[in-house]
Structures are given as C-alpha cells and as structure tokens.
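Remarks on the structure that follows.
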Amino acid sequence: MQKKPLNANTLLDKLHRGAVYACIGVTLYGTYMLGMRYYNYYTVIRPEKQQAELKLLDEGAHDKAKELKY
C-alpha cells in the first residue's frame, strides 16, 4: 500500500494544531508559576514582613524618629 502525500491544508492544520497546543501549554505553565509566586508571597514573605514590622514597633523604633515641630 502506498502512502498518500499530504496536501497543503492537512499540513497547515497539523502545524496550527501544534501551535495551539504549545500556546495552551505555555498558558498552563505560566498560570502555575504565577500561582506559586502568590502562594509564596502570602505564606512566606508577607508574614515575615509583618513580624519585622511588629518587632520594630515593640522595640520602639518609631519613637526614635525626629518629630516635626512647627
């Protein structure tokens, strides 16, 4: 049995399908990475900032600033 040659439309359809699948893959991967970044911010970075701010307030660092006198 001989193999039929691919016509131009079939070839273009396959290339388009591959490009669409690549775009979907990039979108899913980007969404995953963005979600991991937000998760890291809300579980690690934000609590550390809040702890540092509370530590400064407890030490009285806000009182060391020069007061403005008019």
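Bear in mind these aren't lab numbers, they're just calculated from the coordinates by the rules spelled out. What you see is a predicted model, and the numbers here were worked out from it, not measured in a lab. When we count neighbours, we look across all protein chains shown, and the Cβ atoms used for this are built from the backbone with ideal geometry, even at glycine.
Couple of notes before you dig in:
- Separation of the N9 and Q50 label points, Cα + 7 Å toward Cβ, nm: 6.1 nm
- Projected label distance in nm at A19 and T43, using a 7 Å step from Cα toward the beta-carbon: 3.8 nm
- Low-density loop positions, trypsin sites (Lys or Arg not before Pro), region 1-32 - DSSP coil, at most 12 other Cβ in 10 Å: K3
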